[in-house]
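Trainee: Supplied in structure tokens, the structure appears directly below.
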Amino acid sequence: MSAAIRREDFIDRVREHFNTLSSYLLSQLNVDEELTINVAAEESLFVRFNSNRVRQNTDVEQIGISVRLQSKGRTVEKSRSLGGNAEADRPALMHLLAQCRDEVAVLPLDPNQVSIENNGTSSEEFRGTLLAAEDVVGAVVSPAAGCDLAGLYAGGIVIRGNCNSKGQRHWFATETFFLDYSIYNGPQAAKGCYAGARWSSAEWKSNLGRTQTLLALLAKPQQDVKPGAYRTYLAPRAFADLLGMLGWGALSAAAWKQGRSPFKKLAENETRLSPLLSIDENFALGLTPRFNDLGEMSATRLPLIEEGALKTLLVSSRTAKEYDLGANGASEGEGPRAMDVKTGALAEADVLQALGTGLYLSNLHYLNWSDPVSARVTGMTRYACFWVEGGEIVGPIRDLRWDESLYSALGSKLMALTTHAEIDPAVDTYYRRALGGSRTPGALIDDFSFTL
Amino acid sequence: MLSISIPHEQALQRALQFTDWAAIRYSSETTTHRMVRNDRPESNESSLEEGAMCEVLVGGHFGYAATADLSLSGLQRAFDRAIATTRATSAHKVHAFTPDQRPRATGTYCSARDRDLDALSVAEITDCLMAASQAMRLSDLLVNRSARAMLVQTQIDYFSSNGSETRQSFNMLDITLAATAAEGLESQTRSWSYTGQFGGEAFDRAIFQENAERIAREALDLLRADNCPSGRMDLVLMPDQMMLQIHESIGHPLELDRILGDERNYAGWSFVKQEDFGHLQYGSPLMNVSFDPGRAHELASYDFDDGGNRATREMLIEYGVLKRGLGSLESQVRSGLPGVANFRSASWNRAPIDRMANINLEPGTSSLDELIGQVEHGVLMRTNRSWSIDDYRNKFQFGCEYGQLIENGVLGKVVRNPNYRGVTVDFWNRLDGVGRAAETHGTAFCGKGEPSQIIRVGHASPPCLFRDVEVFGGLS
Ligand SMILES: [Zn+2]
């Protein structure tokens, strides 16, 4: 049996299973009960590489279902993994519903509960052409022969579904892969990611070739850069790493109201970011479904920051209820799911000239708020990072620690954004393969602070 | 929690027709999250993750397939997938393994607890969380008062074709109370956590209230406090920050799979080299660090790792000298170095990798007052709030919730936004005092691996004194 046939089977099988189980569960509700049901499923092959060889390979087939019961003003949510067999899974889910009912009987009232509504119906399926499991390793390692390559191939089907007792029904299935990798010359390394829905040997070779070119630049003499403030170019992937912090409380309405937002000053119009900066949630990127866990739909394009001013925070319906705000389809965590950053005027070919003397950073690493009230972030440089003088790459640097406020880096210190932007698909695999990602240009920032 | 019976014998027998060795790791984990915020229920959720990892050895390469279909045909299908993929990948394996990396093991483990978590009612938990939330209501400036509990009940049963049969049952808790005080643009959060292998006995209303009230008061103090001063000075770290210091700058760099390069594309490599074991002066002679899976109530205690290796206490660093790495039997045979039983997976759907477990800094001889008494000018810091370190585990920067100045051997006023930075080996060689009273902490959220895994780790440590460290405060 070919792997391609097996994968198509999985989408159909999970859809049918979800429909059967959810119809049954919804038919068992009492009059004063409302239910939201979510399914998250995947059929994935993970292959981990070290030294262009296989460290571990893991096939994972999983179907997880969650039910949220709202009854008598109380809210209870329970989820479990399912074996995929209707005879076994139906009683397992009825048991879950019974447990929810038991808790409803003893929990206090939930005043911030949002009543369940029918937010409509949607269905999207994206089929891909992936390598058969047996062919993955050969296809990855052959073009990389002679490279010290480390990384992860993940490929297969990812499914999200949602329905509720008001008749709402959403479905999203996609068949994709990514090869998130880095290549090494001793301690020096360059990072790449090849992702898509159709594996092409030619595309993989050219992707690897670009990363090899970057690695070759690291062979120049290593530069000893002292801590200090330097003009710095963040390549798109590095800028995406920096903007990733916006998903860590900065754009969350709940975090703002609860005193936890590093963007309180921005939210209260006490400050603005650079007029060069505009950020949207843009579901047209096609990386993730528009519906959230309650089945609410975000606008296809939702402006978050426009020319440096905050247009809106991400507001979930629960936060909206508690603080009397307008909800905008945000997920419960109120982080961006499909961040799209507007490009600027700096051509890729002019980046080194515009940088003049300073640092060229391909990637950042391990970011964290160091002083949240000041929106200050610390992190490290990682992979291919260079010292540049007079518009020419002089040589690679040793990793540097930096510590900089986003109010500055995205504000008065932001000099230019590039005309080109890169899509950075989510490659998270905690618990399950993630959906989503972002699209960001490169950014030229003046006087970026390096501390160690 | 009861182990369910899965048809492991038949599934293993059939797999052996196609492989040299096979195993099944059944895992069932129920995680319950309950949270009260500002005296209202915020969430009441639970999840059950139940499934089996089918493991095969084909052509000297271990490969895996995970399924939640625990019927014989479900397990057989997973074995078929594992065998087909592993047959195709084994020609490209990093190392030729043998069943020696999966020793025969039999036995059972059960977390120490006075009262099973199953015996705890929803009302009892909610009552403690609500009491904590209410106890934090000292002022309108306390804009967010949260009390959350995560209860984890785990069963891991491991069966292999060479006769292993281990059954381990865990009760674990992670309780966090947090108070945020805000005024104008300023805001400060203070928290208290209680983490480990405990049962229902941990839900003691009085303890919740006492800690809730204390952190609420401390959050208000922080709101009015000056920023932590900047400059080089002595630093006393309390156990709830030592935990993070140990985790990031000892635990991760000693993981043998990192040293072998497996993790280079994700969490990173390590400054520690294979030839450093037995030689490297990692820290001052006061530094003794153990891997201790046998400590009752610490979060990552267990009897067997997920490769059937019996877990024993081992010294990693003695009198400041690096002795042993955190590597499973697979990493040990690849590197030729001694290791520990730390081949652990996050769930039924992930393959085991080298993880930390309980990594503890052994107590010294000083009281806390004696440590403070040795400081002319410095800061004492409590409770981690910010963490960042490079991919070789050298240059770190950590921040804490709560600081107090020390002048001429006396603990003084509270300071906010205390941070410090340093480089790992240089920093540990500045260790000049180790307390005698250890506290046990841990985190349920250590991330690593490809595909990624979140795992639980424990860290016991006394307070410690470090000399001449770069300290700094916030901007606001
Ligand atoms: Zn960790």
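Trainee: Need one number: nm distance between label points at A:Y24 and A:A284, each 7 Å from Cα along Cα→Cβ, rounded to one decimal.
Mentor: Taking the two extended label points, one gets 4.3 nm.
Trainee: Using only Cα atoms, locate the centre of region A:135-188 and the centre of region B:397-468, then give the distance between them in Å, rounded to an integer.
Mentor: Here the answer is 37 Å between Cα centres.
Trainee: Counting pairs of alpha carbon atoms under 8 Å apart in space and at least six apart in sequence, what relative contact order in percent does region B:13-88 give? Before the final figure, lay out each step's value.
Mentor: Details: 134 pairs, mean separation 21.6, N = 76.
The normalised contact order for region B:13-88 reaches 28 percent.
Trainee: Here's another thing I want to ask about it. Over the protein assembly as shown, with every protein chain in place, what whole percent of the accessible area is carbon and sulfur at 1.4 Å, could you tell me?
Mentor: Carbon-and-sulfur percentage of accessible area, whole number: 48.
Trainee: Another question, if that's okay. Using θ = phi - 60° and the Karplus relation 6.51 cos²θ - 1.76 cosθ + 1.60, list the HN-Hα couplings for region A:289-296 in order, rounded to whole Hz, with x at every Gly or Pro.
Mentor: x, 6, 7, 9, 5, 9, x, 6
Trainee: If you don't mind, another one. When only alpha-carbon atoms count, how far does region B:231-473 stretch along each of its three principal axes, as whole angstroms with the largest first?
Mentor: 52, 34, 30
Trainee: Hey, another quick one. Restricting to DSSP loop positions (anything but H, G, I, E, B) with no more than 16 other Cβ atoms inside 10 Å of their own Cβ, which GluC sites (Glu not before Pro) remain in region A:205-282? If you can, show how the numbers build up before the last one.
Mentor: Working: sites: A:E268, A:E270, A:E281; in loops: A:E268, A:E270.
Of the GluC sites (Glu not before Pro), the ones in loops of region A:205-282 whose Cβ has at most 16 other Cβ atoms within 10 Å are A:E268, A:E270.
Trainee: Over all alpha-carbon pairs in chain A, figure out the percentage whose distance exceeds 41 Å. Present the calculation step by step, with values, prior to reporting the outcome.
Mentor: Working: 24631 of 101926 pairs.
In whole percent, the long-distance tail amounts to 24.
Trainee: Here's another thing I want to ask about it. Compute the relative contact order of region A:3-215 as a whole-number percentage, counting only Cα pairs closer than 8 Å that sit 6 or more residues apart in sequence. If you can, show how the numbers build up before the last one.
Mentor: On the way: 402 pairs, mean separation 48.5, N = 213.
Once divided by the residue count of region A:3-215, the mean separation gives 23 percent.
Trainee: What list of ³J(HN,Hα) values in whole Hz, one per residue of region B:192-199 in order, does the Karplus curve 6.51 cos²θ - 1.76 cosθ + 1.60 (θ = phi - 60°) give from phi, with Gly and Pro shown as x?
Mentor: Working through the residues one at a time gives 9, 10, 9, 9, x, 8, 9, x Hz.
Trainee: At a 10 angstrom cut-off on C-beta neighbours, averaged per residue, how do the peptides B:176-189, B:121-134 rank from highest to lowest? It would help to have the intermediate numbers written out before the result.
Mentor: On the way: B:176-189: 21.5, B:121-134: 19.2.
Going from most to least packed, we get B:176-189, B:121-134.
Trainee: Please list, ordered by chain and number, the residues whose modelled amide H lies under 5 Å from the amide H of B:W21; skip anything fewer than 5 residues away on the same chain.
Mentor: Counting only residues 5 or more places away or on other chains, the set is B:L57.
Trainee: So what are the ³J(HN,Hα) numbers for region B:90-104, from phi and the Karplus equation (6.51, -1.76, 1.60; θ = phi - 60°), rounded to whole Hz, Gly and Pro as x?
Mentor: 5, 5, 10, 5, 6, 7, 8, 8, 9, x, 4, 7, 10, x, 5
Trainee: In addition: By its C-alpha gyration tensor, with a ≥ b ≥ c as the square roots of the eigenvalues, how is region B:402-476 shaped: rounded for a/c under 1.5, else prolate for a/b larger than b/c, else oblate?
Mentor: Numbers: a/c = 1.88, a/b = 1.59, b/c = 1.18.
Prolate.
Trainee: Just for chain B, what percent of DSSP beta bridges are antiparallel, to the closest 5? List each step's numbers first, then the result.
Mentor: Values: 119 of 133 bridges.
Bridges in chain B that DSSP calls antiparallel: roughly 90 percent.
Trainee: Shifting gears a bit: From the square roots a ≥ b ≥ c of the eigenvalues of the alpha-carbon gyration tensor of region A:58-129, which class results: rounded (a/c under 1.5), prolate (a/b over b/c), or oblate? Provide the component values of the computation, followed by the final result.
Mentor: Numbers: a/c = 2.73, a/b = 1.48, b/c = 1.84.
Judged from the Cα gyration tensor, region A:58-129 comes out oblate (a/c at least 1.5, b/c at or above a/b).
Trainee: In whole Å, what are the extents of region A:49-93 along the principal axes defined by its C-alpha atoms, from largest to smallest?
Mentor: For region A:49-93, the Cα spread along each principal axis is 58, 27, 7 Å.
Trainee: Quick query: amide H of B:D116 versus all other amide H atoms, modeled in the peptide plane; which residues come in under 5 Å with a sequence gap of 5 or more or a different chain?
Mentor: B:G200
Trainee: With the crude spin-label approximation of a point 7 Å out along Cα→Cβ, what separation in nm comes out for A:A347 versus A:H420?
Mentor: 1.2 nm
Trainee: Right, here's the next one. Which percent, to the nearest 5, of DSSP beta bridges fully inside the protein assembly as shown are antiparallel? Don't skip to the end; give the middle numbers.
Mentor: Working: 229 of 267 bridges.
Taking every DSSP beta bridge with both residues in the protein assembly as shown, the antiparallel ones total about 85 percent.
Trainee: What does the structure give for B:264-271 when I average, per residue, the other chain Cβ atoms found within 10 Å of the residue Cβ?
Mentor: Working: counts 12, 15, 8, 2, 6, 4, 0, 1.
The mean count of partner-chain Cβ atoms within 10 Å per residue comes to 6.
Trainee: Whose amide H sits under 5 Å from the amide H of B:S164, counting only residues 5 or more places off or on another chain, with H placed in the peptide plane?
Mentor: So B:S164 has HN proximity to B:A105.
Trainee: Testing the spin-label approximation: label points 7 Å from Cα along Cα→Cβ at B:R104 and B:R205. State their distance in nm.
Mentor: Roughly 5.5 nm, to one decimal.
Trainee: Whole angstrom only: what separates the Cα centroid of region A:293-316 from the Cα centroid of region B:324-367?
Mentor: Cα centroid of region A:293-316 versus Cα centroid of region B:324-367: 44 Å apart.
Trainee: For region B:434-476, state the average projected area of the convex hull of the C-alpha atoms over all orientations, rounded to one decimal in nm².
Mentor: 5.8 nm²
Trainee: Between B:Q134 and B:E275, what length in nm is gained on full extension when 0.36 nm per residue of separation is reduced by their alpha carbon distance?
Mentor: Working: separation 141, 0.36 × 141 = 50.76 nm, distance 5.55 nm.
That works out to 45.2 nm of additional length.
Trainee: Then there's this: Using a simple charge model, +1 on the beta-carbon of Lys and Arg, -1 on the beta-carbon of Asp and Glu, nothing else, what dipole does chain A show about its Cα centre, in debye to the nearest 20? Walk me through the intermediate numbers first.
Mentor: On the way: 46 positive and 54 negative charges, 84 e Å.
In total the dipole reaches around 400 debye.
Trainee: Okay, next question. Put one equal scatterer on each alpha carbon of region B:158-269, apply the Debye formula with no solvent term, and list log10 I(q)/I(0) at q = 0.10, 0.14, 0.22 1/Å to two decimals.
Mentor: At q = 0.10, 0.14, 0.22 Å⁻¹ the computed log10 ratios are -0.59, -0.96, -1.18.
Trainee: Now a separate question. Largest first and to the nearest Å, give the Cα extent of region A:158-226 along each principal axis.
Mentor: Reported extents, whole Å, longest axis first: 65, 36, 14.
Trainee: Let me ask something additional. In terms of the ratio Rg/(2.2 N^0.38 Å) built on C-alpha atoms, what value belongs to region B:16-170?
Mentor: Working: Rg = 22.3 Å, N = 155, 2.2 N^0.38 = 15.0 Å.
Region B:16-170 yields a ratio of 1.49.
Trainee: Moving on. Averaged across the residues of A:102-109, what count of C-beta atoms belonging to other chains lies within 10 Å of each residue's C-beta?
Mentor: Working: counts 1, 6, 1, 2, 5, 6, 9, 2.
For peptide A:102-109, the averaged partner shielding equals 4.
Trainee: Okay, next question. If you filter region B:421-456 for trypsin sites (Lys or Arg not before Pro), then keep DSSP loop positions with at most 14 other Cβ within 10 Å, what is left? Don't skip to the end; give the middle numbers.
Mentor: Numbers: sites: B:R421, B:R430, B:R436, B:K448, B:R456; in loops: B:R430, B:R436.
Listed in order of number, the matching sites are B:R436.
Trainee: Something else now. Quote the total accessible area buried by chains B and A together, excluding ligands, DNA and RNA, probe 1.4 Å, nearest 100 Å².
Mentor: Values: alone 18890 and 20240 Å², together 31640 Å².
Counting both chains, the buried surface is close to 7500 Å².
Trainee: I've got another one for you. Would you mind pulling out the separation of the Cα centroids of region B:160-226 and region A:76-132, in Å?
Mentor: Each part reduced to its Cα centre gives a spacing of 29 Å.
Trainee: Please compare each pair in A:K311/B:K395; A:K191/A:K342; A:K257/A:K342; A:K264/B:K413; A:K264/A:K413 to a cut-off of 30 Å on the Cα-Cα distance and tell me which ones are over it.
Mentor: On the way: A:K311/B:K395 37 Å; A:K191/A:K342 24 Å; A:K257/A:K342 28 Å; A:K264/B:K413 28 Å; A:K264/A:K413 20 Å.
Beyond 30 Å: A:K311/B:K395.
Trainee: Per residue, how much accessible area does region B:309-440 have with a 1.4 Å probe, in Å²?
Mentor: Details: 4220 Å² over 132 residues.
For region B:309-440, the per-residue accessible area is 32 Å².
Trainee: Charges on Cβ only, +1 for Lys and Arg, -1 for Asp and Glu, centred on the Cα centroid of the protein assembly as shown; of A:A443, A:L352, A:Y323, which one is farthest towards the dipole's positive end?
Mentor: Most positive-ward Cα: A:L352.
Trainee: Please sort by residue number the trypsin sites (Lys or Arg not before Pro) in region A:190-226 whose DSSP state is loop and whose Cβ has at most 10 other Cβ atoms within 10 Å. Please list the in-between numbers first.
Mentor: Details: sites: A:K191, A:R198, A:K205, A:R210; in loops: none.
Hits after loop and neighbour filter: nothing returned.
Trainee: Indicate the gyration tensor shape class of chain B (rounded, prolate or oblate), computed on the Cα atoms with a ≥ b ≥ c the square roots of the eigenvalues: a/c under 1.5 is rounded; otherwise a/b larger than b/c is prolate and the rest oblate. Show your work: numbers first, answer last.
Mentor: Values: a/c = 2.33, a/b = 1.44, b/c = 1.62.
In terms of gyration-tensor shape, oblate.
Trainee: In addition: Considering every residue in B:88-97, what mean count of other chain Cβ atoms within 10 Å of its Cβ is obtained?
Mentor: Values: counts 10, 12, 3, 5, 12, 6, 9, 3, 0, 0.
Averaged over the peptide's residues, the number is 6.
Trainee: Based on C-alpha coordinates, I'd like the Rg and Dmax of the protein assembly as shown, in Å.
Mentor: Cα radius of gyration and Dmax of the protein assembly as shown are 26.7, 77 Å respectively.
Trainee: With a cut-off of 8 Å between alpha carbons and a minimum separation of six or more residues, what is the relative contact order of region B:84-198 in percent?
Mentor: On the way: 166 pairs, mean separation 31.5, N = 115.
Rounded, it is 27 percent for region B:84-198.
Trainee: Ok, one more. Does anything in region B:125-164 have its amide N under 16 Å from the 7 Å Cα→Cβ label point of B:R224, and if so which residues?
Mentor: B:138-142
Trainee: OK, next. Given a cut-off of 30 Å, what percent of all Cα-Cα pairs of region A:221-450 lie beyond it?
Mentor: Values: 6208 of 26335 pairs.
Roughly 24 percent, rounded to a whole number.
Trainee: Using +1 at the Cβ of each Lys and Arg and -1 at the Cβ of each Asp and Glu in region A:187-289, identify which of A:Y233, A:F283, A:Q212 lies farthest towards the dipole's positive end.
Mentor: Going by the Cα projections, it comes out as A:Q212.
Trainee: What is the log10 of I(q)/I(0) for region A:3-215, computed with the Debye formula using one identical point scatterer on each Cα and no solvent, at q = 0.09, 0.15 Å⁻¹?
Mentor: -0.50, -0.91
The values are calculated or read from the model by the stated rules, or taken from the named source; none is laboratory data. Small disclaimer: the values here were computed from a predicted structure and weren't measured. Here Cβ is always computed from backbone atoms with ideal geometry, including for glycine, and neighbour counts include all displayed protein chains. Surface areas here come from the heavy atoms of the whole protein model, side chains and all, with no ligands, DNA or RNA. Shrake-Rupley method; radii C 1.70, N 1.55, O 1.52, S 1.80 Å.
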